[in-house]
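Every number here is computed from the coordinates shown, using simple stated rules; none is lab data. It should be emphasised that the depicted structure is a prediction, and the values quoted were computed from it without experimental measurement. Because the Cβ atoms are built from the backbone with ideal geometry, glycine has one as well, and the counts that use them run over all protein chains shown.
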Ligand SMILES: Nc1ncnc2c1ncn2[C@@H]1O[C@H](COP(=O)(O)OP(=O)(O)OP(=O)(O)O)[C@@H](O)[C@H]1O
Ligand SMILES: [Mg+2]
């Protein structure tokens with residue numbers, strides 16, 4: 001079976017700089033939740049930028065549903081079915097939840113029936129969108145805002161959702177909410193590729209784990225196996241078992 005997303009021998013870097021990705025091979029199967037983990041500077045966010053079209057590969061191939069998308073403009077990649085939930089810009093705090101979610105459907109604005117259908121669907125997946133529709137987004141908690149960000153991304157019915165560190169800045173209760181939200185997106189048929197600093201959170205949530213180091217993929221496999229791999233314990237948990245300590 002063809003993976004939904006495949007990187008083959010990808011080399012990439014930033015203008016005026018050396019190679020940050022030094023031959024990355026990875027595959028994400030349709031319907032899976034794949035999680036990239038790795039130390040700071042490993043190249044995780046660079047992989048995301050490449051997949052969403054913000055950066056072009058210097059060599060190698062980026063394939064989505066078998067089609068080469070490497071170097072295509074971001075708008076074309078969104079059309080192909082890949083939507084990224086941006087890490088930093090988030091929601092417009094002075095706009096309502098409904099307005100923020102509808103902004104996600106901007107490229108579909110001429111097809112009002114489809115926008116209505118998609119809005120109804122995201123409300124089913126994320127009830128908070130209906131419950132807080134007329135509230136200012138700035139009044140929501142961090143965990144609630146994350147759900148509204150996910151809902152906004154789903155307005156374009158993406159085949160694949162890219163999440164760069166969805167756990168960042170969330171307290172334990174909100175973390176649980178984010179966990180369930182990602183699961184719900186997956187159950188709604190979306191393939192998910194996420195990056196996580198919180199290795200336990202990411203690899204418990206994921207079906208598939210990808211460990212990056214120094215611009216290359218060092219290890220990949222079922223998430224549980226990756227989490228319990230002794231090399232990973234060395235890298236992240238000071239050599240202790242991945243099961244010890246708080247998650
Ligand atoms: N816009 C940029 N211009 C130049 N170099 C960059 C840029 N963004 C990242 N880099 C460099 O590329 C390398 C990989 O960065 P990247 O952001 O992909 O790492 P990361 O694995 O996401 O790390 P972190 O866990 O800190 O988010 C780093 O050495 C970084 O300094
Ligand atoms: Mg990063």
Ordering of 141-154, 54-67, 206-219 by burial proxy (mean other Cβ atoms within 10 Å per residue, highest first)
141-154, 206-219, 54-67
Defining a contact as two alpha carbons under 8 Å apart and six or more residues distant in sequence, what relative contact order in percent does region 5-244 show?
26
Provide the FRET efficiency to the nearest 0.05 for the residue 30-residue 134 pair, computing r from the beta carbons and using R0 = 41 Å.
0.65
Here FRET efficiency (C-beta to C-beta, residue 234 to residue 22, R₀ 30 Å, nearest 0.05) is 0.85
With a ≥ b ≥ c from the Cα gyration tensor eigenvalues, square-rooted, and the rule rounded for a/c under 1.5, otherwise prolate when a/b > b/c and oblate otherwise, region 102-225 is prolate
Along Cα→Cβ, 7 Å out, is where each label goes; now give me the distance between the ones at residue 224 and residue 15 in nm to one decimal.
4.7
Å³ per residue enclosed by the Cα convex hull of the chain:
126
CD proxy at 222 nm, helix term only [per DSSP H run n ≥ 4: -39500 (n - 2.57); per residue of the chain; nearest 500]:
-10000 deg cm²/dmol
Cα gyration tensor category, rounded, prolate or oblate, for region 114-177 with a/c compared to 1.5
oblate
Taking the Cα atoms only, what angle lies between the long axis of helix 112-125 and the longest principal axis of the chain, rounded to 10 degrees?
70
Note the full-extension length gain between residue 59 and residue 113 as 0.36 nm times their separation in residues minus their Cα-Cα distance, in nm to one decimal.
15.3 nm
In nm, spacing of pseudo-spin labels at residue 106 and residue 216 (7 Å Cα→C-beta vector):
4.0
Using the alpha-carbon centroid of each, what span in Å lies between region 26-62 and region 126-202?
20
What's the FRET efficiency of residue 173 with residue 95 using the Cβ-Cβ distance as r and R₀ = 30 Å, to the nearest 0.05?
0.75
